[in-house]
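Notes to accompany the following structure.
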Amino acid sequence: FVDHRYEGKGFVTEALRDLAQLSRAGRWSEVLDEVEKWLEDHPNDVSFLERKARAHSELGEQREARKAAESILAATAESAAAHLVLAALDKEYRRWDSAVDHYLAAHKVSPRNIGPGSPIREAEAILRDRKDWGGLAEVLAMRLAGSPTDAEAYRELVRIALEGERTDLAEKAIRQTLYLEPFDP
């Protein structure tokens, strides 16, 4: 990690802000150039390594993106960005189990992100497409642990539990759904 005590006040934040602007503009080659310059002096700065992995991924350089993401995870497992890059690569190569594992690891790093397109929703989509109802039920339970008022997730859990003939789980999910939305037919 960068030792911020030795950097000019706000210098790192300003550099990351500039990289964010380049990223939003889709100027990934420039992002990569700037990140490489920074990493020459700060080779273990996770924030910049994450941008490097993302830039390689956006440029279609899968091997370099994977190497960058794996180097981040070798330093720390607390990088949602690295897990997301690896999940996307694994999904592209149809390594479904590994993709789900990386999506769930990214979710564990930032568990409050449960909206559409979030890591946990991506894991759910893969499991739903593969008809892995047991795995999907587990992931829904994880989602509900972070958001106990998500009636949509409870309704989906009811469907899955009934399909798997888990009436006990279905009954609990129905009760919770009725508690959350008593007037929903």
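Only one of these is at pLDDT 90 or above, outside any loop (DSSP other than H, G, I, E, B) and under 18 Å from the mean Cα position of the chain (by Cα): Ser47, Ser29, Ser98. Name it.
Testing whether each residue is at pLDDT 90 or above, outside any loop (DSSP other than H, G, I, E, B) and under 18 Å from the mean Cα position of the chain (by Cα) leaves just Ser98.
Could you count how many residues in segment 110-142 are within 13 Å of the chain's Cα centre (by Cα) and farther than 22 Å from Arg94 by Cβ?
Number of matching residues: 7.
Working only within segment 163-185, note down all residues that are open to solvent by 100 Å² or more (accessible area, probe 1.4 Å) and assigned to a helix (DSSP H, G or I).
Glu163, Lys172, Arg175, Tyr179
Condition check ((1) out of contact with any strand residue (DSSP E or B) (no Cβ under 9 Å at 6 or more places or on another chain); (2) farther than 22 Å from Glu138 by Cβ; (3) open to solvent by less than 40 Å² (accessible area, probe 1.4 Å)) across all residues:
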site	(1), (2), (3)
Leu59	yes, yes, no
Val85	yes, yes, yes
Asp90	yes, no, yes
Ala106	yes, no, yes
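Kindly list the number of the only condition in (1) open to solvent by 10 Å² or more (accessible area, probe 1.4 Å); (2) modelled with pLDDT of 90 or more that fails for Ala69.
(1)
Looking at (1) surrounded by fewer than 15 Cβ atoms within 10 Å (Cβ to Cβ); (2) at pLDDT 90 or above; (3) of a type in the set (D, E, K, R); (4) in contact with a helix residue (DSSP H, G or I) (Cβ under 7 Å, 6 or more places away or on another chain), which is the only condition Glu122 fails?
The single condition Glu122 does not satisfy is (1).
The values are calculated or read from the model by the stated rules, or taken from the named source; none is laboratory data. None of the values given here were measured: they were computed from a predicted structure. Reconstructed Cβ throughout: ideal geometry from the backbone, glycine too, with neighbour counts over all protein chains shown. Note: accessible area is taken over every heavy atom of the protein model, side chains too, but ligands, DNA and RNA are not part of it. Shrake-Rupley method; radii C 1.70, N 1.55, O 1.52, S 1.80 Å.
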